[in-house]
């Protein structure tokens with residue numbers, strides 16, 4: 001019986017829950033993915049959990065925010081001048097987006113003061129942790145064509161083209 005190892009085509013089903021920084025939990029429907037293990041990179045917690053598994057094995061894992069969207073960094077909260085910002089887009093608790101000199105300015109509006117805005121420049125998903133209940137459904141040798149296609153797809157993802 002095959003086990004999960006480099007260049008094996010692996011199919012898993014998973015049920016995912018996102019744990020939001022405010023303590024809320026968002027439940028997601030079950031999904032399935034198929035990938036060439038060790039070529040199409042997954043988050044390291046998932047890769048470590050799958051290594052050596054066999055079809056039918058089940059795992060419960062928790063993926064820390066540092067592996068997914070990053071930790072929430074309080075140093076990315078700053079008070080900035082209101083001057084130059086579009087007043088109608090400043091809504092407390094909402095995301096402000098504006099193109100300025102060809103660049104996107106994006107932040108969450110924490111507070112609106114008379115002459116300044118308290119802005120959070122963290123990624124909107126920063127601080128979110130994920131837990132997964134997963135099952136290994138199938139493992140087989142990946143064909144040379146599948147391995148090559150997986151390598152090409154991984155390179156494209158790494159440079160932001162996928």
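For the range 1-27, the tally of residues that are closer than 21 Å to residue 131 by Cβ and either in contact with a strand residue (DSSP E or B) (Cβ under 6 Å, 6 or more places away or on another chain) or assigned to a strand (DSSP E or B) (or both) stands at 14. Restricted to the range 110-142, and to residues there that are in a loop (DSSP other than H, G, I, E, B) and touching a strand residue (DSSP E or B) at 6+ places or on another chain (Cβ under 8 Å), the residue that is farthest from residue 85 (Cα to Cα) is 142. Comparison of 109, 117, 136 shows that the only residue that is surrounded by 15 or more Cβ atoms within 10 Å (Cβ to Cβ), modelled with pLDDT of 95 or more and under 25 Å from residue 34 (Cβ atoms) is 136. Look at residue 56 and say whether it is part of a loop (DSSP other than H, G, I, E, B), over 22 Å from residue 122 (Cα atoms), more than 17 Å from the chain's Cα centre (by Cα) and at pLDDT 95 or above. Judged against the criteria, residue 56 is a match.
Taking each residue of the range 14-31 that is in contact (Cβ under 8 Å) with a residue 40 or more places away in the chain and assigned by TED's automatic domain parsing to the domain that holds residue 58 and looking for partners that are outside any strand (DSSP E or B) and loosely packed, with under 12 Cβ neighbours inside 10 Å with beta-carbon atoms closer than 9 Å, six or more apart or interchain, yields 14/30; 15/29; 15/30; 16/29; 16/30; 18/24. Scanning the range 59-96 for residues that are without any contact (Cβ under 8 Å) to a residue 24 or more places away in the chain and surrounded by 14 or more Cβ atoms within 10 Å (Cβ to Cβ) yields one hit, 96. The single residue among 61, 105 that is in contact with a strand residue (DSSP E or B) (Cβ under 9 Å, 6 or more places away or on another chain) and within 20 Å of residue 17 (Cβ to Cβ) turns out to be 61. Of everything in the range 32-53 that is in a loop (DSSP other than H, G, I, E, B) and either over 16 Å from the mean Cα position of the chain (by Cα) or in contact (Cβ under 8 Å) with a residue 60 or more places away in the chain (or both), the residue that is surrounded by the fewest Cβ atoms within 10 Å (Cβ to Cβ) is 52.
The values are calculated or read from the model by the stated rules, or taken from the named source; none is laboratory data. Everything numeric here is computed off the predicted structure, so don't read it as measured data. Note that each Cβ is placed from the backbone with ideal geometry, even for glycine, and that neighbours are counted across all protein chains shown.
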